[in-house]
Amino acid sequence: MQFIPYVIRKSNAEEIAVGITPATQQDLAATKGDPPWQTDWESDYLASPDIDKFAMKLPNGELIALGAYQIAGRKAYVYILYVESAPKSNPTMMSSGQREYYGIGEAMIAFGIKYSIDHGCRGDVVFDAKT
(Lines give C-alpha, C1' and ligand atoms only; values in the text may rest on other atoms or scores of the structure.)
Protein backbone atom coordinates (compact mmCIF):
# COMPACT_ATOMS: atom_id res chain seq x y z
CA MET A 1 0.00 0.00 0.00
CA GLN A 2 1.37 3.38 -0.97
CA PHE A 3 1.22 6.27 1.50
CA ILE A 4 0.44 9.58 -0.20
CA PRO A 5 -0.06 12.30 2.39
CA TYR A 6 -1.95 15.45 1.52
CA VAL A 7 -3.17 18.69 3.04
CA ILE A 8 -6.14 20.87 2.14
CA ARG A 9 -5.71 24.48 1.07
CA LYS A 10 -8.25 26.55 3.00
CA SER A 11 -8.91 29.08 0.24
CA ASN A 12 -10.28 26.62 -2.33
CA ALA A 13 -10.53 23.23 -0.53
CA GLU A 14 -7.92 21.82 -2.94
CA GLU A 15 -6.19 18.60 -1.85
CA ILE A 16 -2.43 18.97 -2.29
CA ALA A 17 -0.09 15.98 -2.13
CA VAL A 18 2.89 16.71 0.12
CA GLY A 19 6.24 15.08 0.66
CA ILE A 20 7.51 13.98 4.06
CA THR A 21 11.26 13.48 4.13
CA PRO A 22 14.03 13.57 6.73
CA ALA A 23 14.44 17.16 7.92
CA THR A 24 17.64 18.88 6.84
CA GLN A 25 19.63 21.36 8.87
CA GLN A 26 18.28 24.01 6.48
CA ASP A 27 14.69 22.98 7.35
CA LEU A 28 15.40 23.28 11.07
CA ALA A 29 17.14 26.65 10.66
CA ALA A 30 14.16 27.97 8.63
CA THR A 31 12.01 27.76 11.77
CA LYS A 32 13.89 30.76 13.18
CA GLY A 33 12.85 32.97 10.25
CA ASP A 34 10.10 35.56 10.23
CA PRO A 35 7.75 34.69 11.79
CA PRO A 36 9.61 32.19 13.96
CA TRP A 37 8.06 28.84 14.83
CA GLN A 38 6.99 28.02 18.40
CA THR A 39 9.63 25.34 18.93
CA ASP A 40 13.41 25.51 18.86
CA TRP A 41 13.96 22.66 16.42
CA GLU A 42 17.72 22.99 16.92
CA SER A 43 17.54 22.49 20.71
CA ASP A 44 19.83 20.02 22.47
CA TYR A 45 16.79 17.87 23.32
CA LEU A 46 15.68 17.47 19.69
CA ALA A 47 19.30 17.04 18.55
CA SER A 48 19.45 13.64 20.26
CA PRO A 49 20.61 11.01 17.73
CA ASP A 50 17.71 8.69 18.61
CA ILE A 51 15.12 11.29 17.56
CA ASP A 52 14.27 11.37 13.87
CA LYS A 53 12.92 14.63 12.48
CA PHE A 54 10.87 14.86 9.31
CA ALA A 55 9.79 17.81 7.19
CA MET A 56 6.49 18.11 5.35
CA LYS A 57 6.78 20.18 2.20
CA LEU A 58 4.52 21.29 -0.61
CA PRO A 59 5.47 20.39 -4.19
CA ASN A 60 7.11 23.85 -4.52
CA GLY A 61 9.42 23.01 -1.58
CA GLU A 62 7.67 25.23 0.98
CA LEU A 63 8.12 23.84 4.51
CA ILE A 64 4.72 23.54 6.20
CA ALA A 65 5.38 21.18 9.13
CA LEU A 66 7.98 19.32 11.13
CA GLY A 67 7.64 16.19 13.23
CA ALA A 68 9.91 14.43 15.73
CA TYR A 69 9.62 10.64 16.12
CA GLN A 70 11.44 8.15 18.33
CA ILE A 71 11.42 4.36 18.35
CA ALA A 72 10.78 3.40 21.96
CA GLY A 73 10.19 0.45 24.24
CA ARG A 74 12.62 -1.94 22.52
CA LYS A 75 10.96 -1.29 19.17
CA ALA A 76 7.54 -1.75 20.74
CA TYR A 77 6.14 1.55 19.48
CA VAL A 78 6.97 4.93 17.98
CA TYR A 79 6.70 7.91 20.27
CA ILE A 80 5.62 11.05 18.45
CA LEU A 81 7.48 13.67 20.45
CA TYR A 82 6.22 16.70 18.64
CA VAL A 83 4.48 17.87 15.47
CA GLU A 84 4.30 21.53 14.53
CA SER A 85 2.71 23.41 11.64
CA ALA A 86 4.35 26.42 10.04
CA PRO A 87 3.11 29.70 11.58
CA LYS A 88 0.57 30.49 8.82
CA SER A 89 -1.19 27.17 9.47
CA ASN A 90 -0.69 27.05 13.24
CA PRO A 91 -3.91 28.17 14.96
CA THR A 92 -2.15 28.97 18.24
CA MET A 93 0.00 31.55 16.47
CA MET A 94 -2.73 33.23 14.45
CA SER A 95 -4.98 35.98 15.68
CA SER A 96 -7.48 35.40 12.87
CA GLY A 97 -7.61 31.61 13.22
CA GLN A 98 -7.65 31.31 9.41
CA ARG A 99 -5.12 28.61 8.61
CA GLU A 100 -3.69 28.35 5.13
CA TYR A 101 -3.65 24.52 5.19
CA TYR A 102 -5.70 21.93 7.06
CA GLY A 103 -4.96 18.27 7.72
CA ILE A 104 -1.30 18.74 8.67
CA GLY A 105 -1.60 17.07 12.07
CA GLU A 106 -3.55 14.15 10.66
CA ALA A 107 -0.98 13.59 7.91
CA MET A 108 1.93 13.74 10.36
CA ILE A 109 0.27 11.21 12.70
CA ALA A 110 -0.49 8.94 9.73
CA PHE A 111 3.18 9.26 8.79
CA GLY A 112 4.10 8.24 12.36
CA ILE A 113 2.01 5.09 11.96
CA LYS A 114 3.75 4.31 8.66
CA TYR A 115 7.12 5.00 10.29
CA SER A 116 6.16 2.56 13.07
CA ILE A 117 5.23 -0.15 10.56
CA ASP A 118 8.42 0.44 8.56
CA HIS A 119 10.51 0.01 11.74
CA GLY A 120 8.87 -3.18 12.98
CA CYS A 121 6.62 -1.58 15.59
CA ARG A 122 3.32 -2.89 14.12
CA GLY A 123 1.93 0.60 13.55
CA ASP A 124 1.77 1.36 17.25
CA VAL A 125 2.29 5.02 18.13
CA VAL A 126 2.09 6.99 21.37
CA PHE A 127 1.92 10.73 21.83
CA ASP A 128 0.98 13.23 24.49
CA ALA A 129 -1.84 15.57 23.54
CA LYS A 130 -0.81 19.20 23.82
CA THR A 131 -4.21 20.39 25.01
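The values are calculated or read from the model by the stated rules, or taken from the named source; none is laboratory data. Keep in mind that what you see is a predicted model, and the values were worked out from it rather than measured. Reconstructed Cβ throughout: ideal geometry from the backbone, glycine too, with neighbour counts over all protein chains shown. Remember, those area values only see protein heavy atoms, side chains included, never the ligands or the DNA or RNA. Shrake-Rupley method; radii C 1.70, N 1.55, O 1.52, S 1.80 Å.
Of the numbered conditions (1) closer than 21 Å to Asp118 by Cβ; (2) assigned to a loop (DSSP other than H, G, I, E, B); (3) at pLDDT 90 or above, Leu81 satisfies every one except a single condition; which is it?
Result: Leu81 passes all but (2).
Which condition breaks for Lys53 when tested against (1) within 25 Å of Ala13 (Cβ to Cβ); (2) modelled with pLDDT of 95 or more?
So Lys53 meets the others, but not (1).
Among the residues that make up the range 40-49, is at least one of them open to solvent by 20 Å² or more (accessible area, probe 1.4 Å), in contact with a strand residue (DSSP E or B) (Cβ under 8 Å, 6 or more places away or on another chain) and either closer than 19 Å to Ala129 by Cα or not in a loop (DSSP other than H, G, I, E, B) (or both)?
no
Hey, any hits in the range 62-72 for a residue that's farther than 17 Å from Gly112 by Cα and in contact with a strand residue (DSSP E or B) (Cβ under 8 Å, 6 or more places away or on another chain)?
Scanning the range 62-72, I find at least one residue that is farther than 17 Å from Gly112 by Cα and in contact with a strand residue (DSSP E or B) (Cβ under 8 Å, 6 or more places away or on another chain), so the answer is yes.
Give the range 4-49 a look and list any residue that's within 15 Å of Asn60 (Cβ to Cβ), hydrophobic (A, V, I, L, M, F, W, C) and touching a residue at least 60 places away in the same chain (Cβ under 8 Å), or say none.
Answer for the range 4-49, where residues must be within 15 Å of Asn60 (Cβ to Cβ), hydrophobic (A, V, I, L, M, F, W, C) and touching a residue at least 60 places away in the same chain (Cβ under 8 Å): Val7, Ile16, Val18.
Could you tell me whether the range 56-74 includes any residue that is open to solvent by 50 Å² or more (accessible area, probe 1.4 Å), over 9 Å from the mean Cα position of the chain (by Cα) and on the phi > 0 side of the Ramachandran plot?
yes
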